[in-house]
Amino acid sequence: MNKMIVIDGVDGAGKGVQTRRLQQSLLSSGIFCILTREPGGSPGAEQIRELLVNGDPDKWDSMTELLLMLAARKTHLRETILPALAQGKWVISDRFADSSRAFQGIAGELGLDIVNQLHQICIGDFKPDLVLILDIDEKIALSRAEARGQGEDRFERKGGEYHAMVRSAFREIASSDSSLYRLIDASGSMDEVSTQILSTINQAFSLSLQLSDAS
Ligand code: TMP
């Protein structure tokens, strides 16, 4: 049975590399999977992403950010995720709903109830099968993200206190439901983190994925 796996966490935690490596490992073992991301992951949602990740950090308040994230998520689900799952493909997503909980709900101070209520209205009961939260000191992670210097840094510029709240929110979310979440220590080398991710997924879905050297 095909699955949807989300990799989430603070900015600069290494999700980009780890999602690409995971896709390689799945493909190498003969499992067809797509790699997608949020905000974005479909043509309409990528247009909304542009609005969110560029410009002044105060350009949108937390509620407006949440509404834009949900608009992007709804179209991402309809255009990309649900069709892939219906075709029997696995889906790996770089971020999903827990980013809204951590960033807008906790760090953005809307509260989890509001995020969960709006999520229910817009997205309904849909949930991924497994969410891996990459956990790392947010200062180290942010300095990596800054060093990449790829632009799209509106959230990165929200300040240290904001990102400390994001990290602790993700840790709290990870401990809230052990059937859905796994906390991954992302402070080690890329290979160490990939190994933890693969062994977690192997255990969860009785697979024998191996580290792929194609990434
Ligand atoms: P990315 O750099 O990981 O692609 O994500 C862009 C930014 O969007 C990142 O700083 C986190 C933020 N974000 C939210 O604030 N709420 C959300 O629901 C999502 C999906 C992302």
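The values are calculated or read from the model by the stated rules, or taken from the named source; none is laboratory data. Remember, predicted model here, so these are calculated numbers, not experimental data. Here Cβ is always computed from backbone atoms with ideal geometry, including for glycine, and neighbour counts include all displayed protein chains. These area figures cover heavy atoms from the full protein model, side chains too; ligands, DNA and RNA do not enter into them. Shrake-Rupley method; radii C 1.70, N 1.55, O 1.52, S 1.80 Å.
For the range 166-213, which residues satisfy the criterion of being open to solvent by less than 70 Å² (accessible area, probe 1.4 Å) and outside any helix (DSSP H, G or I)? 177, 180, 181, 184, 186, 188, 189, 207, 209, 212, listed by residue number.
Counted as qualifying within the range 81-163 are no helices (runs of 4 or more DSSP H), as none has 3 or more residues that are without any contact (Cβ under 8 Å) to a residue 24 or more places away in the chain, near the ligand (Cβ under 10 Å from one of its atoms) and surrounded by 14 or more Cβ atoms within 10 Å (Cβ to Cβ).
The number of residues in the range 37-80 being open to solvent by 10 Å² or more (accessible area, probe 1.4 Å) and not in a helix (DSSP H, G or I) comes to 12. Going through (1) within 17 Å of residue 17 (Cβ to Cβ); (2) out of contact with any strand residue (DSSP E or B) (no Cβ under 6 Å at 6 or more places or on another chain) one by one, residue 186 falls short only on (2). The conditions of being more than 11 Å from the ligand (Cβ to nearest atom), among the small types (Gly, Ala, Ser), out of contact with any His (no Cβ under 7 Å at 6 or more places or on another chain) and in contact (Cβ under 8 Å) with a residue 24 or more places away in the chain are not met by residue 30.
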